[in-house]
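Just below is one structure, and these are the notes that go with it.
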Amino acid sequence: MNPKESKILAIIGQGYVGLPLAMAAVDAGWTVIGIDNFEAKVAQINSGKSPVEDISDNQLQTALSSGAYRSSTDFSSVATASVITICVPTPLDERREPDLSLLQSAAKAIAPFVSNETLVVSESTSFPGTLRDIIIPTIDSLKPIDSLKIYFASAPERVNPGDPVWNQKNTPRLVGALDAASQVKALAFYESICDVVVAVSSPELAEAAKLLENTFRLVNIAFINEFTQLCATSGINVNEVIDAASSKPYGFMPFRPGVGVGGHCIPVDPLYLTWWARQNGQRAEFVETADSINHAMPKYVAQRALELVDSSVTKPRVLILGVAYKPGVGDVRETPVSHLRNYLCAQGIEVAWHDPLVHIWEGSEPVELEWECDVAVLATNQTGMEIEGLIAKGVQILDCTNSLKKQPGVTPL
Ligand SMILES: NC(=O)c1ccc[n+]([C@@H]2O[C@H](COP(=O)([O-])OP(=O)(O)OC[C@H]3O[C@@H](n4cnc5c(N)ncnc54)[C@H](O)[C@@H]3O)[C@@H](O)[C@H]2O)c1
């Protein structure tokens, strides 16, 4: 068989996006090489220990022992692949601007080994033009033979780690390719893995749609965080307001307040949009305002929590419950709880934390729930945290998650 008709997939980056994609592709009959430049992670994966919550050790071990999957640090193995997907992080730099260095280094690392007729897809989130203006020129300038035909597409990943319903298979996938031939190849690839594939007219359209989706969440969360502060001043429970408004069958969608936004997507991707706007001589003012409202939330939460401390206490002790950016994952990237803790510590307050899915965080270890505190802040409601014990003990709890409804000692955000 022509190797380019083979079902060999190389995935660059074996994290929250790349590893679940690998398992979905194995299920769909692909042989997958999961490439990552982090040696310890590759060793962990090959030993059958999954680094992400959405993939169980059992599922990983089955894929490894079937021979359909292996992880590697060796980029030359992309030569055998008919499809290469890039799933590396696209973070912000210290100026809070797009940092495409990992994406560029991934493109550079695969370029010398890409063979004729390979489809290269970027799944990483970035601003419109990333595939056409950055990835393609990088690969074209370093590919082994000038005349190689390589197909290109952008298919931004939409996975929601920890989601029990939506996954790589049943979440519709956007595909925007460079040209008609690339589109045929890219649609065929994703149709083999996903239930629904949505063809869009260009890579830029797919890239922009991804930024729209995540910015939509950022601004709505910011709006509800601001609305929460307006309600709290008048003693109105914002979550009851949201429940009431949700009875409207059209034109309303509920978003819940919290400590802020975290993870690798919602706090980051909208800043790719604001940066892109600036490159085009414009300003995404609305998005910038939303970003600053969310950034101010940890301080607001800290102040609300301290209001619950008995006035006789001179040196309050605060216990933070849940530090991952959302329930069901141990991912602490960009977690707003970090700003909450920093703000409290800067006030000279003793702060400890507990999270069953996080074993070490910013150089500190969790405490048991028995840790004596004057107030607890439920920042992320992880399963397995026995908060009932704290309620029974009469601990004051500020609930930022709307999950401890109307229990004694519990104050909603
Ligand atoms: N995590 C999410 O919920 C999510 C959802 C949708 C889209 N995305 C997007 O997907 C992309 C990947 O995010 P993630 O959450 O999977 O990141 P991750 O950090 O979980 O995994 C990325 C992996 O890539 C590896 N890596 C980094 N640079 C590399 C390189 N040059 N070559 C090979 N491997 C490299 C890292 O070691 C890491 O294992 C980002 O653009 C992100 O915005 C993430």
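The values are calculated or read from the model by the stated rules, or taken from the named source; none is laboratory data. Quick caveat: nothing in here was measured; it's all calculated off a predicted structure. Reconstructed Cβ throughout: ideal geometry from the backbone, glycine too, with neighbour counts over all protein chains shown.
Quick notes
- Taking the listed residues G330, G363, the one that is more than 21 Å from P257 (Cβ to Cβ) and within 16 Å of the ligand (Cβ to nearest atom) is G330, with no other qualifying.
- When segment 264-274 is filtered for residues that are within 11 Å of the chain's Cα centre (by Cα) and either more than 15 Å from V88 (Cα to Cα) or surrounded by fewer than 23 Cβ atoms within 10 Å (Cβ to Cβ) (or both), the ones remaining, listed by number, are H264, I266, P267.
Here's the yes/no breakdown for (1) part of a loop (DSSP other than H, G, I, E, B); (2) out of contact with any Ser or Thr (no Cβ under 8 Å at 6 or more places or on another chain); (3) not charged (D, E, K, R):
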residue: D243; (1), (2), (3): no, yes, no
residue: G251; (1), (2), (3): yes, yes, yes
residue: G262; (1), (2), (3): yes, no, yes
residue: W275; (1), (2), (3): no, yes, yes
residue: R283; (1), (2), (3): yes, no, no
residue: R304; (1), (2), (3): no, no, no
residue: L308; (1), (2), (3): yes, no, yes
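- Set A155, A186, A206, A199: member being touching a helix residue (DSSP H, G or I) at 6+ places or on another chain (Cβ under 7 Å) and surrounded by 21 or more Cβ atoms within 10 Å (Cβ to Cβ): A155
- Note on segment 127-207: enclosed strands (runs of 3 or more DSSP E) holding 1 or more residues that are away from the ligand (no atom under 15 Å from the Cβ) and aromatic (F, W, Y) are 150-154.
- Remark: pairs (first residue in segment 194-219, under 26 Å from A290 (Cβ atoms); second residue at pLDDT below 95 and buried (at least 22 other Cβ atoms within 10 Å of the Cβ); Cβ separation under 6 Å; 6+ apart in sequence or on different chains) = N214/C265.
- Remark: T228 falls outside the filter, which requires a residue to be closer than 28 Å to L174 by Cβ and surrounded by 20 or more Cβ atoms within 10 Å (Cβ to Cβ).
- Those residues of segment 29-66 which are away from the ligand (no atom under 16 Å from the Cβ), without any contact (Cβ under 8 Å) to a residue 12 or more places away in the chain and either outside any helix (DSSP H, G or I) or on the phi > 0 side of the Ramachandran plot (or both), in sequence order: S56
- Flag if A305 is under 26 Å from the mean Cα position of the chain (by Cα), surrounded by 23 or more Cβ atoms within 10 Å (Cβ to Cβ) and at pLDDT 95 or above: no
- No other residue among S122, S141, S105, S101 is among the small types (G, A, S) and under 15 Å from A10 (Cβ atoms) apart from S122.
- Of the strands (runs of 3 or more DSSP E) entirely within segment 319-413, none holds at least 3 residues that are of a type in the set (D, E).
- Looking across A352, A346, A324, one residue alone is without any contact (Cβ under 8 Å) to a residue 24 or more places away in the chain and of a type in the set (A, V, I, L, M). It is A346.
- If the condition is being within 11 Å of the ligand (Cβ to nearest atom) and assigned to a helix (DSSP H, G or I), then segment 79-90 contributes no residue at all.
- Test: residue in segment 93-115 that is in a loop (DSSP other than H, G, I, E, B), of a type in the set (A, V, I, L, M, F, W, C) and either out of contact with any helix residue (DSSP H, G or I) (no Cβ under 9 Å at 6 or more places or on another chain) or within 20 Å of I193 (Cβ to Cβ) (or both): no
- K49 modelled with pLDDT under 95 and among the basic types (K, R): no
- Once segment 14-24 is narrowed to residues that are assigned to a helix (DSSP H, G or I) and in contact with a helix residue (DSSP H, G or I) (Cβ under 9 Å, 6 or more places away or on another chain), the residue that is surrounded by the fewest Cβ atoms within 10 Å (Cβ to Cβ) is M23.
- Qualifying residues in segment 100-114 (those that are more than 8 Å from the ligand (Cβ to nearest atom) and buried (at least 17 other Cβ atoms within 10 Å of the Cβ)) - the one farthest from T73 (Cα to Cα): L100
- Taking the criterion of being under 15 Å from Y343 (Cα atoms) and in contact (Cβ under 8 Å) with a residue 12 or more places away in the chain, the residues of segment 279-301 that qualify are N294, H295, M297, P298, K299, Y300, V301.
- Residues located in segment 234-278, provided they are more than 16 Å from the ligand (Cβ to nearest atom), in contact with a helix residue (DSSP H, G or I) (Cβ under 6 Å, 6 or more places away or on another chain) and in contact (Cβ under 8 Å) with a residue 60 or more places away in the chain: V238, P257, V259, G260
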